[in-house]
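Here's the structure, in structure tokens; my notes come after.
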Amino acid sequence: MILYLIDDDRAAHVYHSMMIEEADLSDLVVENYLSVEEAISALGSSTQWPDVILLDINMPVHTGWDFLEFYAQQFSDRIKPAIYMVTNSENPGDMEKAKSNPLVDGYELKFLDSEYFTQLATNLKN
């Protein structure tokens, strides 16, 4: 199983990697990207498509919303991974925008714990 973590916060990458390790998900391969541009480039050249994408909303240059637009334009012919917005934003507008976007499977507040990753892996296997 392949997970893309797209977040400009290096601490989020470190923390979530620790939680994945704590959840003992040895079959989960995590690809970390610090920008939308890096992630889109990786998707364009990838031979192994991600099963899940954890996507920050607020990033410099391009936001998580921009990623969703790029994704819809460039990769609509691919099998869609589960995409979760993972953010510090408790803004009701962001929550509603995520809920109304057909590409988004969920909205989660940072920081995710090991139980979240265990449940996510279980759900993706079923």
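Readers should treat all values here as calculations from the given coordinates under stated rules, not as data from a laboratory. Source: prediction; values computed, not measured. Ideal geometry is used to build each Cβ from the backbone, glycine not excepted, and the neighbour counts take in all protein chains shown.
For residue 59, enumerate residues with amide H under 5 Å from its amide H, sequence gap 5+ or separate chain, H modeled in the peptide plane.
Sorted by chain and number, the residues that satisfy this are 64.
Taking neighbour counts of Cβ atoms within 10 Å as a proxy for exposure, in what order, fewest first, do 122, 63 appear?
122, 63
How long are the three semi-axes of the equivalent ellipsoid for the chain, computed from the Cα gyration tensor as the root of 5 times each eigenvalue, in whole Å, largest first?
In descending order, the three semi-axes are 20, 17, 15 Å.
Of 15, 58, 79, which is farthest on the positive side of the dipole of segment 1-85, counting Cα position, with +1 on Lys and Arg Cβ, -1 on Asp and Glu Cβ, and the Cα centre as origin?
So the residue we want is 79.
Can you tally the lysine pairs in the chain where the Cα-Cα distance is under 18 Å and the two residues are eight or more apart, or on different chains?
Going through the chain pair by pair, I get 4.
Based on the inverse mean of 1/r over its pairs of different Cα atoms, what is the Kirkwood hydrodynamic radius of segment 44-118, in Å? Could the numbers behind the result be given before it?
Working: mean 1/r = 0.0757 Å⁻¹.
Over segment 44-118, the inverse of the mean reciprocal pair distance is 13.2 Å.
Find, among the trypsin sites (Lys or Arg not before Pro) in segment 18-118, those assigned to loop by DSSP (not H, G, I, E, B) with at most 14 other beta-carbon atoms within 10 angstrom.
In loop regions of segment 18-118 (DSSP not H, G, I, E or B), the sparsely surrounded trypsin sites (Lys or Arg not before Pro) are 78.
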